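The values are calculated or read from the model by the stated rules, or taken from the named source; none is laboratory data. Since the model is a prediction, treat every value here as computed from it, not as a measurement. Heads up, the Cβs are rebuilt from the backbone with ideal geometry, glycines too, and the neighbour counts pull from every protein chain shown. To get the accessible areas, we keep the full protein, side chains included, count just its heavy atoms, and leave off ligands, DNA and RNA. Shrake-Rupley method; radii C 1.70, N 1.55, O 1.52, S 1.80 Å.
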Amino acid sequence: VGVKRWEDYTKPFLDSLREHAPTLNIVCVDNGSYYPHYEGIKMIKTPEVISLPAAFNVGLRETPESDWYITSSNDMLITKPFPAYRFEYLPDDSLYSFVPVKDALYGFEYIENWMLFTPKKVYEGIGKWWDERFAPMWFEAADYAIRAKKAGYRWTIIDREDWGVYHREEERMDERKAYMKEHMKQRLANRFYLMEKHGIPYKRLG
C-alpha cells in the first residue's frame, strides 16, 4: 500500500511542486509507509500509521518558521507556476481553502483542508496544532476552521483553477467510500466530539 501511495500520488505531487513551486520549503510526512529519499525535500517518517491531524503536527513541528504554512493531502497536483509572491497579496487575517463545506446532518459550516493556506498570524493565533483526537480523520478541518473563526479570523475561498491546483479525489472515490463505510462509527464519534467541543446544537436538518 505504501509503495502504491508513493508512486501513484505522493511522488507525482512532489514532482509537480518541484516543477511549479521550486522556492517553497517542502516537508513531506511519510505516515508509516515506505517512501524513498527525495532530493531537496525534508522527508519525515513516522514509525507507524498515525491520524491525519497528528501527521500534520509532525510536519509542522519540523517546518522552519515562515510567513505562510500550507498543509495538504498527497493526492494533489500543481498544474501551473505557483509563485510565492502571490501570498503577499493575500490578507493575513484569514484561512484560505478551495472548498466550502456544509455538514449534511447538522448544517454547521467549515472549509476543507485537502490544501489549506494559513498565514503565520492565524497559525499562531489559534494555537498552531491540529487536534489529534480526530482520528483516523474527519472533522479535523472543521475544528481548525471553527477555532480560527472563534479567534476572530475569516475564511476565504480561492479559485483552484486560478492557482493551478488539482485534487485527484475522483480517482479515489470508491476507495474513500469503502473507507468511510468501514469507519462510520468513528466518523460519527468525531462529529459529536466536534459539536460538543464547539457548542454546536444537536438539531438535525430537515
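For this structure, a couple of remarks:
- Taken together, R147, R133 contain a single residue that is in contact with a helix residue (DSSP H, G or I) (Cβ under 7 Å, 6 or more places away or on another chain) and under 27 Å from R61 (Cβ atoms), which is R133.
- Near pairs, Cβ below 6 angstrom, 6+ apart or cross-chain, from the range 160-175 (closer than 15 Å to F87 by Cα) to any residue that is at pLDDT 80 or above and open to solvent by 30 Å² or more (accessible area, probe 1.4 Å): G164/T79; G164/K80
- Among the residues of the range 169-206, those identified as among the small types (G, A, S) and modelled with pLDDT of 85 or more are A189, G199.
- The residue that is farthest from Y9 (Cα to Cα), counting only those in the range 31-42 that are at pLDDT 95 or above and either buried (at least 16 other Cβ atoms within 10 Å of the Cβ) or of a type in the set (A, V, I, L, M) (or both), is I41.
- Candidates in the range 47-89 are the residues that are at pLDDT 95 or above and polar (S, T, N, Q); of these, the one that is nearest to V165 (Cα to Cα) is T79.
- Of all residues making up the range 76-101, the number that are in a loop (DSSP other than H, G, I, E, B) and either of a type in the set (S, T, N, Q) or open to solvent by 60 Å² or more (accessible area, probe 1.4 Å) (or both): 5
- Hey, T63 touching a strand residue (DSSP E or B) at 6+ places or on another chain (Cβ under 9 Å), of a type in the set (V, I, T), touching a residue at least 12 places away in the same chain (Cβ under 8 Å) and closer than 22 Å to L14 by Cα or not: yes
- Sole exception among (1) within 27 Å of R5 (Cβ to Cβ); (2) at pLDDT 95 or above; (3) not acidic (D, E) for R154, by number: (1)
- Evaluation of W130 against the conditions (1) more than 23 Å from A84 (Cβ to Cβ); (2) without any contact (Cβ under 8 Å) to a residue 60 or more places away in the chain shows that the sole unmet condition is (2).
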